[in-house]
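The values are calculated or read from the model by the stated rules, or taken from the named source; none is laboratory data. Here the structure is a predicted model, which is why all the values come from computation and not from measurement. Cβ placement follows ideal geometry from the backbone for every residue including glycine, while neighbour counts extend to all protein chains displayed.
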Amino acid sequence: MKVTFIRPNMSIYKAADALQPLAFSILAGITPDNVEIEFYDDRIEKVPENINTDLVVLSVETFTARRAYQLALKYKKMGLPVIMGGFHPSFLPHEVLKFADSVVIGDAEGIWEKIIEDAASKKLSKVYRQDKPHSLNGIVYDRSIFKGKKYAPIYPVQFGRGCKYSCDFCSINAFYGNSLRQRPVDEVIAEIEYLGKKHIFIVDDNICIDGKKAREFFTKLIPLKVRWTSQVSIDIVNDPELLKLMAKSGCMTLLIGFESLDKRNLLQMGKGVNIKNSDYSLAIKKIREHGIMVYGTFILGYDYDTQYSFEACLEFAIKNKIALANFNPLMTMPGTDLYARMKLKGSLIYDKWWLDPEYRYGKAMFNPAGMSAFDLTEGCKYARYKFSSYSSILKRVTDFKANCSSIGNLSIFLVSNAISRREIFQKQGILLGDDMKDEDVLEVANEDNAY
């Protein structure tokens, strides 16, 4: 038996910042030895028009759904069975089953073996559901499937899954709920040692969900002499000793969701931790004092944002010498409380923006309260372009506490800003999927189905 894994792209443009997709290395690690595996990453390489396989497996995010559906229809016409999993299929299984033979709801660990068994006997069920959180102990990541592929030179590692906060816009909480799981520290350390790479991205949504285990992990990272990046909530600044340990263990960048400069917006989105730590400038200063760079994200479009909010966020980011920043229009992702609220209010411009032929990346998905949808689109575009301008990069690089505190930090700052600038200009305004292969997707999407 042969299984073909495909990681679909958002559009037809290839990415310069793509990282190894860990989900497929997990599946490869639990696939029986007698099953042949091949893997294609649509973000960085051409996916063959014709493949010889017994099962096509796609991991689907909402932004890649249109492209995934295009690929699925093509392979189903060839008589190949297709199964989809990931966030989008878990939230919208009815829609996905219009394009796939089977759908996986939730994590695949614990049910993948059954899927392989059913596929081998050509008796795939329509739905495979993971009803309870699966232990992360003993996970084996088979990265051999990535051999020869040109990914960004930073290697993803997962310590845990889930986040202890529940922001209304976030798919993570919608997917995992209150489940917070972490791998054994020694298993993560062993994986990093085995990788033998110096630049690591710990892909957790909040690496410090368990302070005790975080301390153990950072302490055991020190002898490995790696440089690492991860996401964390802003309350990390209230623990200077932990910040000091993170820096000592090789932390070079922390990604923090500032989201908004207006406390009323933070209250609306459910970001209470930011309200309690609302002196963002002081927080950034405390992080930079340890030689750690800050990657900040901002979300525009909540009820108390206006046309002036874009400039305020932009000025804040540049003034505080944030190494990298995202200025995103508020995205209504299916499965989230935000999407349900906007749909109930009748504020959505596109009921299903991921399928709508009029939607382009970066456009507003709904009509905000404090400005027009056009203003939201153009304001975020302005902030993105301005922040990634050469003058902005020059202003921000002159930060001797973090951004250029060492040759290593300086090189990471310059390379990451160059890649970010390229990706911003390439992605803004692009159509999702392949516009040359769209008619069948729209036709199938409008069909009624049931499972």
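Just checking, which of 175, 169, 201 is touching a residue at least 60 places away in the same chain (Cβ under 8 Å), under 24 Å from the mean Cα position of the chain (by Cα) and either surrounded by 21 or more Cβ atoms within 10 Å (Cβ to Cβ) or outside the structural domain of residue 328 (by TED's automatic domain parsing) (or both)?
Values: 175 fails: either surrounded by 21 or more Cβ atoms within 10 Å (Cβ to Cβ) or outside the structural domain of residue 328 (by TED's automatic domain parsing) (or both); 201 fails: either surrounded by 21 or more Cβ atoms within 10 Å (Cβ to Cβ) or outside the structural domain of residue 328 (by TED's automatic domain parsing) (or both).
Only one candidate passes the filter, namely 169.
The set of residues in the stretch 155-195 being closer than 21 Å to residue 268 by Cβ and among the β-branched types (Val, Ile, Thr) consists of 172 alone. Of all residues in the stretch 356-378, those satisfying the criterion of being in a helix (DSSP H, G or I) and within 10 Å of residue 301 (Cα to Cα) are 373, 375, 376, 377.
Quick check on this structure: which one of 76, 132, 122 is in contact with a Phe, Trp or Tyr (Cβ under 8 Å, 6 or more places away or on another chain), surrounded by fewer than 20 Cβ atoms within 10 Å (Cβ to Cβ) and either in a loop (DSSP other than H, G, I, E, B) or free of Cβ contacts under 8 Å to residues at least 40 places away in the same chain (or both)? Write out each step before concluding.
On the way: 132 fails: in contact with a Phe, Trp or Tyr (Cβ under 8 Å, 6 or more places away or on another chain); 122 fails: in contact with a Phe, Trp or Tyr (Cβ under 8 Å, 6 or more places away or on another chain).
From the options 76, 132, 122, the qualifying one is 76.
Quick check, is residue 191 touching a His at 6+ places or on another chain (Cβ under 6 Å), acidic (Asp, Glu) and surrounded by 14 or more Cβ atoms within 10 Å (Cβ to Cβ)?
On the way: touching a His at 6+ places or on another chain (Cβ under 6 Å): no; acidic (Asp, Glu): yes; surrounded by 14 or more Cβ atoms within 10 Å (Cβ to Cβ): yes.
For residue 191, the condition - touching a His at 6+ places or on another chain (Cβ under 6 Å), acidic (Asp, Glu) and surrounded by 14 or more Cβ atoms within 10 Å (Cβ to Cβ) - is not met.
What's the number of the only condition in (1) at positive phi; (2) free of Cβ contacts under 8 Å to residues at least 12 places away in the same chain that residue 250 fails to meet? Single failed check for residue 250: (2).
With respect to the conditions (1) on the phi > 0 side of the Ramachandran plot; (2) assigned by TED's automatic domain parsing to the domain that holds residue 77, residue 148 lacks only one, and its number is (2).
Do any helices (runs of 4 or more DSSP H) lying entirely in the stretch 267-324 carry at least 2 residues that are in contact with a Leu (Cβ under 9 Å, 6 or more places away or on another chain) and farther than 26 Å from residue 163 by Cα, and which ones are they? Can you show your working first?
Values: elements: 272-276, 280-288, 309-319.
Once the helices (runs of 4 or more DSSP H) in the stretch 267-324 are filtered for at least 2 residues that are in contact with a Leu (Cβ under 9 Å, 6 or more places away or on another chain) and farther than 26 Å from residue 163 by Cα, what remains is 309-319.
Checking the stretch 334-348 against the condition returns no match, with no residue being part of a loop (DSSP other than H, G, I, E, B), out of contact with any helix residue (DSSP H, G or I) (no Cβ under 6 Å at 6 or more places or on another chain) and β-branched (Val, Ile, Thr). Condition test on residue 368, is it within 30 Å of residue 60 (Cβ to Cβ), crowded, with 17+ Cβ neighbours inside 10 Å and in contact (Cβ under 8 Å) with a residue 60 or more places away in the chain? For residue 368, the condition - within 30 Å of residue 60 (Cβ to Cβ), crowded, with 17+ Cβ neighbours inside 10 Å and in contact (Cβ under 8 Å) with a residue 60 or more places away in the chain - is met.
I'd like the full set of residues that are in a loop (DSSP other than H, G, I, E, B) and of a type in the set (Ser, Thr, Tyr), limited to the stretch 137-165.
Result: 141, 151, 165.
With the requirement that a residue be of a type in the set (Ser, Thr, Tyr), under 25 Å from the mean Cα position of the chain (by Cα) and in a helix (DSSP H, G or I), what does the stretch 379-410 give you?
Start the filter on the stretch 379-410 by keeping residues that are of a type in the set (Ser, Thr, Tyr), which leaves 382, 385, 388-392, 398, 405-406.
Next, from what is left, pick out any that are under 25 Å from the mean Cα position of the chain (by Cα): 382, 385, 388-389.
Answer for the stretch 379-410, where residues must be of a type in the set (Ser, Thr, Tyr), under 25 Å from the mean Cα position of the chain (by Cα) and in a helix (DSSP H, G or I): 382, 385.
Residues that are hydroxyl-bearing (Ser, Thr, Tyr), in contact with a Ser or Thr (Cβ under 8 Å, 6 or more places away or on another chain) and not assigned by TED's automatic domain parsing to the domain that holds residue 361 do occur in the stretch 95-114. On the basis of being surrounded by fewer than 21 Cβ atoms within 10 Å (Cβ to Cβ), touching a Ser or Thr at 6+ places or on another chain (Cβ under 9 Å) and in the same structural domain as residue 289 (by TED's automatic domain parsing), does residue 343 make the cut? Considered against the rule, which asks whether it is surrounded by fewer than 21 Cβ atoms within 10 Å (Cβ to Cβ), touching a Ser or Thr at 6+ places or on another chain (Cβ under 9 Å) and in the same structural domain as residue 289 (by TED's automatic domain parsing), residue 343 comes out as yes. Checked against (1) crowded, with 19+ Cβ neighbours inside 10 Å; (2) outside the structural domain of residue 206 (by TED's automatic domain parsing); (3) farther than 22 Å from residue 432 by Cβ, residue 67 meets all criteria but (3).
Of all residues in the stretch 411-438, those that are among the aliphatic types (A, V, I, L, M) and over 25 Å from the mean Cα position of the chain (by Cα) total 1. Candidates 100, 108, 119: the one that is at pLDDT below 95, within 21 Å of residue 8 (Cβ to Cβ) and in contact with a strand residue (DSSP E or B) (Cβ under 6 Å, 6 or more places away or on another chain) is 108. Residues in the stretch 22-60 that are free of Cβ contacts under 8 Å to residues at least 40 places away in the same chain and part of a loop (DSSP other than H, G, I, E, B): 33, 34, 42, 43, 46, 48, 49, 50.
With respect to (1) within 23 Å of residue 356 (Cβ to Cβ); (2) modelled with pLDDT of 95 or more, the lone exception for residue 15 is condition (2). Screening residue 307 with (1) in contact with a helix residue (DSSP H, G or I) (Cβ under 7 Å, 6 or more places away or on another chain); (2) closer than 30 Å to residue 398 by Cα; (3) crowded, with 16+ Cβ neighbours inside 10 Å gives one miss only, at (3).
Is it the case, given these coordinates, that residue 256 is surrounded by 20 or more Cβ atoms within 10 Å (Cβ to Cβ) and in contact with a Gly (Cβ under 7 Å, 6 or more places away or on another chain)? Step through it out loud before you land on a result.
Values: surrounded by 20 or more Cβ atoms within 10 Å (Cβ to Cβ): yes; in contact with a Gly (Cβ under 7 Å, 6 or more places away or on another chain): yes.
Here the answer is yes, as residue 256 does meet what is asked.
Return yes or no: is residue 352 touching a residue at least 60 places away in the same chain (Cβ under 8 Å) and assigned to a helix (DSSP H, G or I)? No: the conditions fail for residue 352.
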